[in-house]
Amino acid sequence: MKNIFIDDLEFELMIDYEQIQKRIRLIGIDINLKYEDKHPVFVGVLNGCFMFMADLMKQVHIPCEMSFVKLASYSGTDQGDIHELIGVGMSLEGRHVVIVEDVVDSGRSLVHTIEALERLGVASISVATLLLKPECLLYSFDNIMYVGFEIEKEFVVGYGLDYNGQCRNLQNIYKNIPRT
Ligand code: IMP
Ligand code: MG
(Lines give C-alpha, C1' and ligand atoms only; values in the text may rest on other atoms or scores of the structure.)
(Ligands and ions follow the chains in the order given, each with its own letter.)
Protein backbone atom coordinates (compact mmCIF):
# COMPACT_ATOMS: atom_id res chain seq x y z
CA MET A 1 0.00 0.00 0.00
CA LYS A 2 1.44 3.35 -1.04
CA ASN A 3 2.00 6.15 1.44
CA ILE A 4 -0.13 9.21 0.94
CA PHE A 5 0.85 12.85 0.99
CA ILE A 6 -1.41 15.71 2.08
CA ASP A 7 0.03 19.17 1.81
CA ASP A 8 3.32 18.89 3.68
CA LEU A 9 2.64 15.64 5.57
CA GLU A 10 3.23 11.97 4.78
CA PHE A 11 0.97 9.18 6.05
CA GLU A 12 1.32 5.39 6.09
CA LEU A 13 -1.30 2.66 6.41
CA MET A 14 -2.22 1.91 10.03
CA ILE A 15 -5.57 0.07 10.14
CA ASP A 16 -7.16 -1.38 7.05
CA TYR A 17 -10.84 -1.47 6.22
CA GLU A 18 -11.15 -5.19 6.95
CA GLN A 19 -9.77 -4.81 10.47
CA ILE A 20 -12.13 -1.89 11.05
CA GLN A 21 -15.14 -3.95 9.96
CA LYS A 22 -14.14 -6.89 12.18
CA ARG A 23 -13.93 -4.63 15.20
CA ILE A 24 -17.25 -2.96 14.37
CA ARG A 25 -18.98 -6.35 14.15
CA LEU A 26 -17.85 -7.12 17.72
CA ILE A 27 -18.98 -3.73 18.99
CA GLY A 28 -22.34 -4.33 17.32
CA ILE A 29 -22.75 -7.62 19.17
CA ASP A 30 -22.13 -5.86 22.51
CA ILE A 31 -24.56 -3.07 21.72
CA ASN A 32 -27.29 -5.46 20.55
CA LEU A 33 -27.10 -7.28 23.88
CA LYS A 34 -26.78 -4.28 26.14
CA TYR A 35 -29.49 -2.17 24.48
CA GLU A 36 -31.92 -4.89 23.44
CA ASP A 37 -34.89 -3.48 25.36
CA LYS A 38 -33.78 0.15 25.55
CA HIS A 39 -34.67 1.56 22.13
CA PRO A 40 -31.50 3.68 22.11
CA VAL A 41 -30.80 6.80 20.11
CA PHE A 42 -27.41 6.83 18.38
CA VAL A 43 -26.11 10.37 18.22
CA GLY A 44 -23.32 10.78 15.69
CA VAL A 45 -21.04 13.77 16.08
CA LEU A 46 -20.31 15.20 12.63
CA ASN A 47 -18.30 15.45 10.52
CA GLY A 48 -15.85 12.73 11.46
CA CYS A 49 -18.35 10.07 12.54
CA PHE A 50 -20.10 9.52 9.25
CA MET A 51 -18.31 6.38 8.06
CA PHE A 52 -18.13 4.75 11.48
CA MET A 53 -21.80 5.54 12.14
CA ALA A 54 -22.86 4.03 8.81
CA ASP A 55 -20.92 0.81 9.31
CA LEU A 56 -21.79 0.50 13.00
CA MET A 57 -25.50 0.91 12.36
CA LYS A 58 -25.40 -1.97 9.86
CA GLN A 59 -24.36 -4.19 12.79
CA VAL A 60 -27.10 -2.97 15.11
CA HIS A 61 -30.18 -5.14 14.78
CA ILE A 62 -32.38 -3.87 17.61
CA PRO A 63 -35.05 -1.16 17.47
CA CYS A 64 -33.31 2.20 17.61
CA GLU A 65 -33.22 5.71 16.24
CA MET A 66 -30.42 7.99 15.19
CA SER A 67 -29.51 11.61 14.93
CA PHE A 68 -26.50 13.55 13.75
CA VAL A 69 -25.27 16.63 15.58
CA LYS A 70 -22.52 19.19 15.46
CA LEU A 71 -20.91 20.71 18.50
CA ALA A 72 -21.10 24.48 18.17
CA SER A 73 -19.15 26.76 20.45
CA TYR A 74 -19.32 30.49 20.80
CA SER A 75 -17.92 32.97 23.27
CA GLY A 76 -20.07 33.28 26.35
CA THR A 77 -20.00 35.77 29.16
CA ASP A 78 -18.26 35.25 32.50
CA GLN A 79 -18.63 31.48 32.47
CA GLY A 80 -16.44 31.09 29.40
CA ASP A 81 -17.34 29.51 26.09
CA ILE A 82 -20.78 28.10 25.55
CA HIS A 83 -21.16 24.78 23.79
CA GLU A 84 -24.35 23.44 22.36
CA LEU A 85 -25.43 20.68 20.05
CA ILE A 86 -27.00 21.74 16.82
CA GLY A 87 -29.17 19.55 14.66
CA VAL A 88 -30.52 17.18 17.33
CA GLY A 89 -33.94 17.35 15.69
CA MET A 90 -35.80 15.21 18.22
CA SER A 91 -36.55 15.09 21.91
CA LEU A 92 -33.89 13.16 23.80
CA GLU A 93 -35.56 13.52 27.17
CA GLY A 94 -35.58 10.20 28.99
CA ARG A 95 -33.78 8.43 26.14
CA HIS A 96 -30.80 6.10 26.29
CA VAL A 97 -28.17 7.72 24.11
CA VAL A 98 -25.09 6.25 22.50
CA ILE A 99 -22.71 8.98 21.33
CA VAL A 100 -20.85 7.92 18.18
CA GLU A 101 -17.45 9.58 17.74
CA ASP A 102 -14.61 9.17 15.30
CA VAL A 103 -11.81 9.88 17.77
CA VAL A 104 -11.39 10.92 21.38
CA ASP A 105 -8.11 12.77 21.73
CA SER A 106 -7.96 15.20 24.68
CA GLY A 107 -11.62 14.42 25.42
CA ARG A 108 -12.50 18.10 25.50
CA SER A 109 -15.15 17.95 22.81
CA LEU A 110 -16.62 14.79 24.32
CA VAL A 111 -16.98 16.54 27.68
CA HIS A 112 -18.96 19.33 26.00
CA THR A 113 -21.10 16.85 24.07
CA ILE A 114 -21.92 14.89 27.22
CA GLU A 115 -22.76 18.05 29.17
CA ALA A 116 -25.02 19.29 26.39
CA LEU A 117 -26.86 15.95 26.27
CA GLU A 118 -27.28 15.94 30.03
CA ARG A 119 -28.92 19.35 29.80
CA LEU A 120 -31.43 17.77 27.39
CA GLY A 121 -32.49 15.34 30.11
CA VAL A 122 -31.33 12.05 28.63
CA ALA A 123 -31.75 8.87 30.71
CA SER A 124 -28.26 7.52 30.10
CA ILE A 125 -25.19 8.15 27.97
CA SER A 126 -22.57 5.78 26.70
CA VAL A 127 -19.92 6.46 24.10
CA ALA A 128 -18.80 4.46 21.09
CA THR A 129 -15.62 5.83 19.58
CA LEU A 130 -13.72 4.32 16.70
CA LEU A 131 -10.39 5.58 18.04
CA LEU A 132 -9.14 6.51 21.49
CA LYS A 133 -5.79 8.06 22.34
CA PRO A 134 -5.39 7.16 26.04
CA GLU A 135 -2.13 9.12 26.44
CA CYS A 136 -3.79 12.33 25.25
CA LEU A 137 -6.82 12.25 27.54
CA LEU A 138 -7.13 15.27 29.81
CA TYR A 139 -10.38 14.08 31.44
CA SER A 140 -11.54 10.79 32.84
CA PHE A 141 -14.69 9.17 31.53
CA ASP A 142 -16.64 6.27 32.95
CA ASN A 143 -18.96 5.94 29.98
CA ILE A 144 -16.64 5.21 27.04
CA MET A 145 -17.99 1.68 26.64
CA TYR A 146 -17.09 0.85 23.06
CA VAL A 147 -13.67 1.55 21.59
CA GLY A 148 -12.63 0.41 18.13
CA PHE A 149 -8.90 0.85 18.55
CA GLU A 150 -6.65 2.44 21.16
CA ILE A 151 -3.87 4.27 19.36
CA GLU A 152 -0.75 6.15 20.37
CA LYS A 153 -0.33 9.87 20.44
CA GLU A 154 -0.33 10.23 16.66
CA PHE A 155 -2.30 12.03 13.99
CA VAL A 156 -4.43 9.88 11.73
CA VAL A 157 -6.61 10.38 8.66
CA GLY A 158 -9.07 8.38 6.62
CA TYR A 159 -12.35 6.62 7.33
CA GLY A 160 -14.00 9.93 8.20
CA LEU A 161 -10.99 11.62 9.79
CA ASP A 162 -9.43 14.57 8.02
CA TYR A 163 -6.35 16.70 7.78
CA ASN A 164 -7.22 20.21 6.54
CA GLY A 165 -10.55 18.86 5.33
CA GLN A 166 -8.96 16.18 3.20
CA CYS A 167 -8.93 12.37 3.20
CA ARG A 168 -12.22 11.72 4.99
CA ASN A 169 -13.17 9.56 2.02
CA LEU A 170 -10.38 6.98 2.41
CA GLN A 171 -11.44 3.45 3.41
CA ASN A 172 -8.38 2.76 5.54
CA ILE A 173 -6.87 4.68 8.43
CA TYR A 174 -3.42 6.17 7.89
CA LYS A 175 -1.01 7.63 10.42
CA ASN A 176 1.31 10.55 10.07
CA ILE A 177 4.99 9.70 9.78
CA PRO A 178 6.85 12.23 11.91
CA ARG A 179 9.68 13.89 10.04
CA THR A 180 13.11 12.94 11.32
P1 IMP B 1 -10.60 16.21 21.39
O2 IMP B 1 -9.21 16.69 21.69
O3 IMP B 1 -10.84 14.85 21.99
O4 IMP B 1 -11.62 17.22 21.82
O5 IMP B 1 -10.72 16.04 19.83
C6 IMP B 1 -11.12 17.14 19.07
C7 IMP B 1 -11.26 16.83 17.62
O8 IMP B 1 -9.98 16.85 17.04
C9 IMP B 1 -11.84 15.47 17.21
O10 IMP B 1 -13.23 15.40 17.21
C11 IMP B 1 -11.32 15.38 15.79
O12 IMP B 1 -12.15 16.11 14.92
C13 IMP B 1 -9.98 16.06 15.89
N14 IMP B 1 -8.90 15.08 15.99
C15 IMP B 1 -8.26 14.64 17.09
N16 IMP B 1 -7.31 13.76 16.77
C17 IMP B 1 -7.36 13.62 15.43
C18 IMP B 1 -6.61 12.83 14.47
O19 IMP B 1 -5.69 12.06 14.80
N20 IMP B 1 -6.96 12.97 13.18
C21 IMP B 1 -7.96 13.80 12.76
N22 IMP B 1 -8.68 14.55 13.60
C23 IMP B 1 -8.38 14.46 14.93
MG1 MG C 1 -15.18 13.75 16.49
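The values are calculated or read from the model by the stated rules, or taken from the named source; none is laboratory data. Nothing here was measured: the structure is a model prediction, and the numbers come from that model. So basically every Cβ, Gly included, is an ideal-geometry build from the backbone, and we count neighbours across all protein chains shown. Accessible surface is based on the protein model in full, side chains and every heavy atom, while ligands, DNA and RNA are left aside. Shrake-Rupley method; radii C 1.70, N 1.55, O 1.52, S 1.80 Å.
Pairs spanning more than 22 Å between alpha-carbon atoms, out of K153/K175; K2/K175; K22/K133; K2/K58; K34/K70; K38/K133: K2/K58; K34/K70; K38/K133.
Using only the heavy atoms of the protein chains and a 1.4 Å probe, how would T113, T180 rank by accessible area, largest first? Walk me through the numbers before you get to the answer.
Numbers: T113 0, T180 180 Å².
Greatest to least solvent exposure: T180, T113.
Summing charges over neighbours of L137, with a neighbour being any other residue whose Cβ is under 15 Å away from its Cβ, gives -4 when K and R count +1 and D and E count -1.
Considering only protein heavy atoms, what per residue accessible area in square angstrom results for the range 70-139 with a 1.4 angstrom probe?
Working: 3440 Å² over 70 residues.
Result: 49 Å² of accessible area for each residue.
In this simple spin-label approximation, F5 and I82 carry label points 7 Å from Cα along the Cα→Cβ vector, and these lie 4.6 nm apart.
List the GluC sites (Glu not before Pro) within the range 119-180 that fall in a DSSP loop (any state other than H, G, I, E or B) and whose Cβ has at most 15 other Cβ atoms within 10 Å.
Working: sites: E135, E150, E152, E154; in loops: E152, E154.
Those satisfying the criteria are E152, E154.
For the pair E18 and E115, label points projected 7 Å from Cα toward Cβ lie 4.4 nm apart. For N47, put the label point 7 Å out on the Cα→Cβ axis and report which residues of the range 156-180 keep their amide N under 16 Å from it. Only 156-171 fall inside the zone, counting backbone N under 16 Å. Taken along the Cα-to-beta-carbon direction at a fixed 7 Å, the label points for F155 and R25 span 3.5 nm.
Could you sort 165-172, 21-28, 87-94, 45-52 so that the peptide with the highest average Cβ count within 10 Å comes first and the rest follow in order?
On the way: 165-172: 14.4, 21-28: 16.0, 87-94: 12.5, 45-52: 19.8.
The peptides rank, most packed first, as 45-52, 21-28, 165-172, 87-94.
Once the Cβ-Cβ distance of Q166 and I62 is raised to the sixth power relative to R0 = 45 Å, the FRET efficiency obtained is 0.80. In the chain, helical runs assigned H by DSSP with n ≥ 4 each contribute -39500 (n - 2.57); averaged across all residues and rounded to the nearest 500, the mean residue ellipticity at 222 nm is -6500 deg cm²/dmol.
Note on the range 28-57 and the range 126-143: Cα centroid distance 16 Å, given to the nearest whole angstrom. Grouping the Cα pair distances of the range 69-180 into 10 Å bins from zero gives a pair-distance distribution of 12, 39, 35, 13, 1, 0 percent in increasing distance order.
Of D102, D30, the order by accessible heavy-atom surface (1.4 Å probe, DNA, RNA and ligands excluded), from most exposed downward, is D30, D102.
What is the sum of charges, Lys and Arg at +1 and Asp and Glu at -1, for the other residues whose Cβ falls under 11 Å from the Cβ of M53? Intermediate values should be presented prior to the final figure.
Details: positive: K58; negative: D55, E101, D102.
Overall, the nearby charge balance is -2.
Counting only other residues whose beta carbon sits under 11 Å from that of L170, what net charge do I get with K and R as +1, D and E as -1?
Details: positive: R168; negative: D16, D162.
Its environment carries a net charge of -1.
For the chain, the antiparallel share of DSSP beta bridges with both residues in that region comes to about 40%.
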